[in-house]
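J.: Below is the structure I would like to discuss, written out as structure tokens.
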Amino acid sequence: MLTASGMEVALTPGRHPEKGEASMHTARLVGLLATLSCAASAAWAQYPQRRAGFWIGFGLGYGSANIACDNCDSGPRTDGITGFVKLGGTPSRNLLIGGAINTWLHSDNSATESLTNLTASLYLYPAARSGLFFTGGLGFSNYHVNSSPSFDGTGWGFTAGAGYDVRLGRDVSLTPVVNYVYGAVGDVNESGVGRFATGWKQNVVELGLGVTFH
């Protein structure tokens, strides 16, 4: 169990939400995502898939996170809220390039824990007339707890996933996504003290729903 000045890190054994409460929140969120996706599907046939120029998207979702490090054991996965922002350009109808920020958050009464990836990303559409895409990105990964003292570490990370643009209009889509967000943070430091953990690795499995403007 990781502890620091009496504080257990949320992703380690001994500090995770009650199973009943976590399952209820997860079920509600997944149900909402499914309802919104079904409601939008009636509109997708009305507008053709077109991709050109600048694009931007953002959204929220559910994420299941876990960590491991040299001096700690990998505990049970922890539920949290995710958010993402992405933007870039369109070299072709089958390929988008840009940057993305993916964040996972878990809060309790004393602190908020965040796992964040900032990546340069590609979005590949195998069929130009379809909204299906696959994405991959490479960049930086950060771990942070805004407690007192705070904990922070930054290393490299990658993101991989898939999604579908459900057209709501000529230039806007509702975009359900599933992502795997990984970070090899390395050292995590405690403010005012120094190194807290080494060999820190983290991952998030994300199910989200966003809006994309093409």
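The values are calculated or read from the model by the stated rules, or taken from the named source; none is laboratory data. What you see is a predicted model, and the numbers here were worked out from it, not measured in a lab. Cβ placement follows ideal geometry from the backbone for every residue including glycine, while neighbour counts extend to all protein chains displayed.
J.: Regarding region 82-90, can at least one residue be identified that is modelled with pLDDT of 95 or more, out of contact with any helix residue (DSSP H, G or I) (no Cβ under 7 Å at 6 or more places or on another chain) and more than 21 Å from V166 (Cα to Cα)? Lay out the reasoning, then the answer.
T.: Going through region 82-90, the residues modelled with pLDDT of 95 or more turn out to be 82-90.
Pick out the ones that are also out of contact with any helix residue (DSSP H, G or I) (no Cβ under 7 Å at 6 or more places or on another chain) and you get 82-90.
With more than 21 Å from V166 (Cα to Cα) added as a condition, the list becomes none.
No, the conditions are met nowhere in region 82-90.
J.: Output the residue which, of all residues in region 166-184 that are among the hydrophobic types (A, V, I, L, M, F, W, C) and part of a strand (DSSP E or B), is nearest to the chain's Cα centre (by Cα). Give the derivation first.
T.: Taking region 166-184 as the starting set, the residues that turn out to be among the hydrophobic types (A, V, I, L, M, F, W, C) are 166, 168, 172, 174, 177-178, 181, 184.
Retained after the next criterion (residues that are part of a strand (DSSP E or B)): 166, 172, 174, 177-178, 181, 184.
On the way: V166: 20, V172: 21, L174: 17, V177: 10, V178: 9, V181: 6, A184: 15 Å.
Of everything passing the filter in region 166-184, V181 is nearest to the chain's Cα centre (by Cα).
J.: Right, something else. For region 125-165, what are the residues that are surrounded by fewer than 21 Cβ atoms within 10 Å (Cβ to Cβ), of a type in the set (A, V, I, L, M, F, W, C) and either part of a strand (DSSP E or B) or touching an Asp or Glu at 6+ places or on another chain (Cβ under 9 Å) (or both)?
T.: In the first step, residues of region 125-165 are kept if they are surrounded by fewer than 21 Cβ atoms within 10 Å (Cβ to Cβ); the result is 125-132, 134-136, 138-140, 142, 144, 146-150, 152, 154-156, 158, 160, 162, 164.
Filter once more, keeping what is of a type in the set (A, V, I, L, M, F, W, C): 127-128, 132, 134, 138, 140, 156, 158, 160, 162.
Matches in region 125-165: L132, F134, L138, F140, W156, F158, A160, A162.
J.: Next question, about the same structure. Within region 132-149, is even one residue in contact with a strand residue (DSSP E or B) (Cβ under 9 Å, 6 or more places away or on another chain), among the polar types (S, T, N, Q) and free of Cβ contacts under 8 Å to residues at least 40 places away in the same chain? Write out each step before concluding.
T.: Going residue by residue through region 132-149, those that are in contact with a strand residue (DSSP E or B) (Cβ under 9 Å, 6 or more places away or on another chain) are 132-147, 149.
Retained after the next criterion (residues that are among the polar types (S, T, N, Q)): 135, 141-142, 146-147.
Next, only the ones that are free of Cβ contacts under 8 Å to residues at least 40 places away in the same chain stay: 146.
Yes - at least one qualifying residue is present in region 132-149.
J.: Given (1) modelled with pLDDT of 95 or more; (2) crowded, with 16+ Cβ neighbours inside 10 Å; (3) not hydrophobic (A, V, I, L, M, F, W, C), where does R77 come up short, assuming only one miss?
T.: Every condition holds for R77 apart from (1).
J.: Taking the residues in region 176-191 that are within 15 Å of N117 (Cα to Cα) and small (G, A, S) as candidates, determine which candidate is surrounded by the most Cβ atoms within 10 Å (Cβ to Cβ).
T.: G183
J.: Still on this structure, I have one more. Scan region 48-70 for residues that are in a loop (DSSP other than H, G, I, E, B), surrounded by fewer than 17 Cβ atoms within 10 Å (Cβ to Cβ) and modelled with pLDDT of 85 or more and report the count. Steps first, please.
T.: First, pick out the residues of region 48-70 that are in a loop (DSSP other than H, G, I, E, B): 48-54, 70.
So of that shortlist, the ones also surrounded by fewer than 17 Cβ atoms within 10 Å (Cβ to Cβ) come out as 48, 50, 52-54, 70.
Narrowing the set further to residues that are modelled with pLDDT of 85 or more leaves 52-54, 70.
Number satisfying all stated conditions: 4.
J.: To continue, here is another question. Name, by its number, the condition in (1) within 21 Å of L87 (Cα to Cα); (2) of a type in the set (D, E, K, R); (3) surrounded by 17 or more Cβ atoms within 10 Å (Cβ to Cβ); (4) touching a His at 6+ places or on another chain (Cβ under 9 Å) that does not hold for R170.
T.: Answer for R170: the failing condition is (3).
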